[in-house]
1. Report, ordered by the first and then the second residue, all pairs with beta carbons closer than 9 Å, sequence separation of six or more or different chains, a first member in region 95-119 that is free of Cβ contacts under 8 Å to residues at least 24 places away in the same chain, and a second member that is buried (at least 17 other Cβ atoms within 10 Å of the Cβ) and in a strand (DSSP E or B).
2. Residue by residue through region 148-166, note down the ones that are in a loop (DSSP other than H, G, I, E, B) and surrounded by 14 or more Cβ atoms within 10 Å (Cβ to Cβ).
3. Name the pairs: first residue in region 161-177 and over 22 Å from residue 58 (Cα atoms), second residue among the aromatic types (Phe, Trp, Tyr) and at pLDDT below 95, Cβ to Cβ under 6 Å, at least 6 apart or on different chains?
4. Looking at 187, 115, 142, 121, can you tell me which residue is within 30 Å of residue 24 (Cβ to Cβ), modelled with pLDDT under 95 and in a strand (DSSP E or B)?
5. What number of residues within region 150-184 satisfy the criterion of being over 22 Å from residue 11 (Cβ atoms), modelled with pLDDT of 95 or more and among the small types (Gly, Ala, Ser)?
6. Looking for whichever is out of contact with any strand residue (DSSP E or B) (no Cβ under 6 Å at 6 or more places or on another chain), loosely packed, with under 11 Cβ neighbours inside 10 Å and modelled with pLDDT of 75 or more here; the options are 33, 48. Which one fits?
7. Any residue that is at pLDDT 85 or above, over 16 Å from the mean Cα position of the chain (by Cα) and not in a strand (DSSP E or B) - is there at least one of those in region 73-82?
Amino acid sequence: MSLHAIWVHGHSVRPQWITDRLTQVHGDVWDGGAANIPYSDFNGAPAGWGTTYRGKRSMTGGLGGTNVVPDPTGANPFQGSMKGYWFHFSIPTPVIVSGVRSTLHKAFVMWATGANAQMIALHLWDGPNRFYTHNFDFISGAANHSTDLTENKTMFTLSTPHSMSFGLGVSVGVAFQQDSEVTFFGAGADFDVVGR
């Protein structure tokens, strides 16, 4: 095995929807004051450490206000009451190296959420093909900060390495119980590039 790690900074994350679902981030502006940062509902609010988005409340209720259980397979984590928004990273992918097709062994996402926001799902894509899904355990009302390498929280090890055909996309679903923020610090992957 010859591991090849590729990472992108949190500046590269993109939201799936550019609509009123995301709102402007409140933070420091150039003159030292604090205000809503212009265009941060579209572009996020980048800083040296990553990019922050602010999402609107995304909870819904079923009949009589009851919560609806989501799809347990992870394929569509927003079918239940916990709705949310997708954010995407494009990871440069060494598809073929020295005539050998690479395999993906691990993917990573470094992130933090404010209170009432939570990572809900992670999907991995090889071009147009989704080949991995993971549902996070939801922690109600708690702020979370994950910049260490923890299995099934920031690090996702595939039980069977995936042979790459196109390019790696990392998609992260975030749910907002109330208006809150999510910050992405970076994402990456470990590929085996030669010697299998």
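1. From residues that are free of Cβ contacts under 8 Å to residues at least 24 places away in the same chain, there are no pairs.
2. Of the residues in region 148-166, the ones in a loop (DSSP other than H, G, I, E, B) are 148-150, 152-154, 164-166.
Those that are in a loop (DSSP other than H, G, I, E, B) and surrounded by 14 or more Cβ atoms within 10 Å (Cβ to Cβ): 153, 154, 164, 165.
3. none
4. 121
5. 3
6. Working: 33 fails: modelled with pLDDT of 75 or more.
Within the list 33, 48, the selection yields 48.
7. Scanning region 73-82, I find no residue that is at pLDDT 85 or above, over 16 Å from the mean Cα position of the chain (by Cα) and not in a strand (DSSP E or B), so the answer is no.
The values are calculated or read from the model by the stated rules, or taken from the named source; none is laboratory data. Model, not experiment: these values are computed from the prediction. All Cβ positions, even for glycine, are placed from backbone atoms using ideal geometry, and neighbour counts span all protein chains on display.
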